[in-house]
Amino acid sequence: MLWYMVNALIVRASWNPMMGIKIFLLRAFGAKIGKGLIIKNEVRIKSPWFLTIGDNCWLGERCWIDNLDRVAIGSNVCISQGAMLLTGNHDYKVATMPYRNAPIVIEDGAWIGANSTVCPGVTVYRNAILTVGSIVTKDMDANGIYQGNPAVKIRTRKIE
Amino acid sequence: MLWYMVNALIVRASWNPMMGIKIFLLRAFGAKIGKGLIIKNEVRIKSPWFLTIGDNCWLGERCWIDNLDRVAIGSNVCISQGAMLLTGNHDYKVATMPYRNAPIVIEDGAWIGANSTVCPGVTVYRNAILTVGSIVTKDMDANGIYQGNPAVKIRTRKIE
Amino acid sequence: MLWYMVNALIVRASWNPMMGIKIFLLRAFGAKIGKGLIIKNEVRIKSPWFLTIGDNCWLGERCWIDNLDRVAIGSNVCISQGAMLLTGNHDYKVATMPYRNAPIVIEDGAWIGANSTVCPGVTVYRNAILTVGSIVTKDMDANGIYQGNPAVKIRTRKIE
């Protein structure tokens, strides 16, 4: 509940460009964050205590980590503006639709494109790319470039 | 205009967790709302006087009911976070692009997934599911599970 | 930095229906804007000094002009609610992922649908339409109607 207010007033705020304060508060509420994080405005994090981030990551404007379950982000990862990491799901085979959450893992060097969505339970392996606006429901291979809804592998990434 | 200010300052606010107040205000501005509504933060409702909601529904964080026309939601419906119900359209065959709005109906037990969009004029029949990030432009069959842009039926839902 | 604060507090604000003030401020920060612009709430513009807009355009609620590079919008263009013009990109062939931005051009009479995204470097030719939630990565032909992710041409627009 305290996190709720701190988040609404300071961390998620659109007027606050001071990343140091945000990172301090996220850590105070249990997030494990490495060095060199860039965290832009209106980043939305549901549960800092379920969040791990490596070194030199980027959280773009208005991206949304909706972590009802654990989210583990490696190093050198870019989550672009408007992207969503979605851990919450419902079991639609039961009439009351109980929660059926699942964690997300994003390995080193991956890039989650603007306005895209990573669904519950997905692992994004090293250096994979999810293109703009794509929706990924299954694991992404290392170095794979994925596009569409549902996202499919369209190319392999080559890093020179 | 009064609704405009009340909406901006209280109902849509990111800092207000008190659902009772929001529901009270929506009803005061003409919405018909049944029992047990869960309404999360930053839900955006254009015109409460064009909104009907049954019992035990869920409006997820930052979902957007852009109702320039009527939106009728049944009971036990879940509108997940970031989803949009879009009633406004333009007639693009005319150079001035006049409005060509149309109502949306969502029947009992349906689930509109996170970040998805329901287009003007669509009826979502009982227990149908629109998956994450999908865009539906035509009516959805009862118990149908739809995915993609435009969304197509990929499976039938079985409730045990 | 001044733009940053003015933008957060006044131009992008959810409570401010006074379009005249927004347009005045955008022009003061370098935007070239024609006559008759309608600019709804929570429109997000990164760099007004990189923005040109013709006459009689419409910027819908919560649309997002993320212009790290130039964005040139013609006359009689409608950018619908929630749409994004995305000019920022990264060169993913290099491990450090340097910026690789590119401008966007939207010609007269085009309509960018709700929740859709126009990717860096795209030119949208006259009267083309990008449908709801679609993601366009390549140039759009004049009068073409495009849908999907990636968007493909599905029809030709006929204006009576």
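What does the structure give for C:112-123 when I average, per residue, the other chain Cβ atoms found within 10 Å of the residue Cβ?
Details: counts 0, 6, 9, 12, 5, 7, 1, 5, 1, 0, 0, 0.
Taking the mean over all residues of the peptide, I get 4.
Given a cut-off of under 8 Å on Cα pairs at least six residues apart, what relative contact order in percent is computed for segment B:64-120? Don't jump to the answer; show the numbers that get you there.
Numbers: 128 pairs, mean separation 26.0, N = 57.
Result for segment B:64-120 is 46 percent.
Can you give me the solvent accessible area of C:I159 with a 1.4 Å probe, rounded to the nearest 10 Å²?
We get 70 Å² for C:I159.
In nm, what does the list of distances from C:G30 to its counterparts in the other copies look like, shortest first, when each label sits 7 Å along Cα to Cβ?
Label-point separations across copies, in nm and ascending: 4.4, 4.4.
Amide H neighbours of B:I45 under 5 Å, at least 5 residues apart or on other chains, H built in the peptide plane: list them.
For B:I45, whose amide H was placed from the backbone, the distant partners under 5 Å are B:I65.
What residue of chain B has the nearest C-beta to the axis that moves B onto C, and what is that distance in Å, given as a whole number?
Nearest Cβ to the rotation axis, residue and whole-Å distance: B:N149, 3.
Largest first, what is the accessible-area ranking of A:F29, B:F50, C:F24 with a 1.4 Å probe?
Details: A:F29 50, B:F50 70, C:F24 140 Å².
The residues order as C:F24, B:F50, A:F29, largest area first.
Determine the calculated [θ] at 222 nm for chain B from helices alone, applying -39500 (n - 2.57) to every DSSP H run no shorter than 4 residues and normalising by the residue count; nearest 500 deg cm²/dmol. Could the numbers behind the result be given before it?
Working: 2 runs with 15 residues, N = 160.
Only helices count here, giving -2500 deg cm²/dmol.
Nothing charged except the Cβ atoms of Lys and Arg (+1) and of Asp and Glu (-1): what's the magnitude of the dipole of segment B:1-152 about its Cα centre? Round to the nearest 20 debye. Show your work: numbers first, answer last.
Numbers: 14 positive and 10 negative charges, 71 e Å.
It works out to roughly 340 debye.
Whenever you get a sec, line up A:R62, A:R27 from highest to lowest accessible area (probe 1.4 Å, protein heavy atoms). If you can, show how the numbers build up before the last one.
Values: A:R62 30, A:R27 110 Å².
Accessible-area ranking of A:R62, A:R27, largest first: A:R27, A:R62.
Got the A:E160 label distances to the other copies yet, label 7 Å along Cα→Cβ, in nm, shortest first?
5.4, 5.4
With an 8 Å Cα cut-off and a minimum separation of 6 or more residues, compute the relative contact order for segment C:1-121 in percent. Walk me through the numbers before you get to the answer.
Working: 300 pairs, mean separation 22.8, N = 121.
It comes to 19 percent, rounded to a whole number.
How would C:Y99, A:Y125 line up by accessible area, probe 1.4 Å, largest first?
On the way: C:Y99 125, A:Y125 90 Å².
Order by accessible area, largest first: C:Y99, A:Y125.
Find how many whole Å separate the alpha carbon centroid of segment B:18-57 from the alpha carbon centroid of segment B:88-160.
For segment B:88-160 versus segment B:18-57, the Cα centre distance is 21 Å.
Of the candidates A:I106, A:I21, A:I53, which one comes out as most mobile in a Gaussian network treatment of chain A with C-alpha springs shorter than 10 Å?
A:I21
Could you compute how much accessible area chains B and A hide from each other, both sides summed, with a 1.4 Å probe? Nearest 100 Å² is fine. Intermediate results must be reported in sequence, preceding the final value.
Values: alone 8710 and 8680 Å², together 15170 Å².
Chains B and A together bury approximately 2200 Å².
Pop out the carbon and sulfur fraction of the accessible area of the protein assembly as shown as a percent, whole number, probe 1.4 Å. Walk me through the numbers before you get to the answer.
Numbers: 11280 of 19410 Å².
Here it works out to 58 percent.
Is there a pair in B:K35/C:K22; B:K46/C:K22; B:K46/C:K46; A:K138/B:K138 whose C-alpha atoms are over 29 Å apart, and which pairs would that be? Don't skip to the end; give the middle numbers.
Details: B:K35/C:K22 41 Å; B:K46/C:K22 21 Å; B:K46/C:K46 26 Å; A:K138/B:K138 27 Å.
Where the Cα-Cα span goes over 29 Å, the pairs concerned are B:K35/C:K22.
Quick one: divide the alpha-carbon radius of gyration of the protein assembly as shown by 2.2 N^0.38 Å and tell me what you get.
Numbers: Rg = 21.1 Å, N = 480, 2.2 N^0.38 = 23.0 Å.
So the Cα radius of gyration is 0.92 times the expected 2.2 N^0.38 Å.
Please give, to one decimal in nm, the separation of the simple spin-label points placed at B:F24 and A:K32, each 7 Å out from Cα toward the Cβ.
For the pair B:F24/A:K32, the computed spacing is 4.5 nm.
Roughly how many Å² is the accessible area per residue of the protein assembly as shown, as a whole number, for a 1.4 Å probe? Mind showing how you got there, number by number?
Values: 19410 Å² over 480 residues.
Computed with neighbouring chains in place, this is 40 Å² per residue.
The values are calculated or read from the model by the stated rules, or taken from the named source; none is laboratory data. In this text, all values refer to a predicted model and were calculated from it rather than measured experimentally. Here Cβ is always computed from backbone atoms with ideal geometry, including for glycine, and neighbour counts include all displayed protein chains. Protein only, heavy atoms only, side chains kept; ligands, DNA and RNA dropped before computing areas. Shrake-Rupley method; radii C 1.70, N 1.55, O 1.52, S 1.80 Å.
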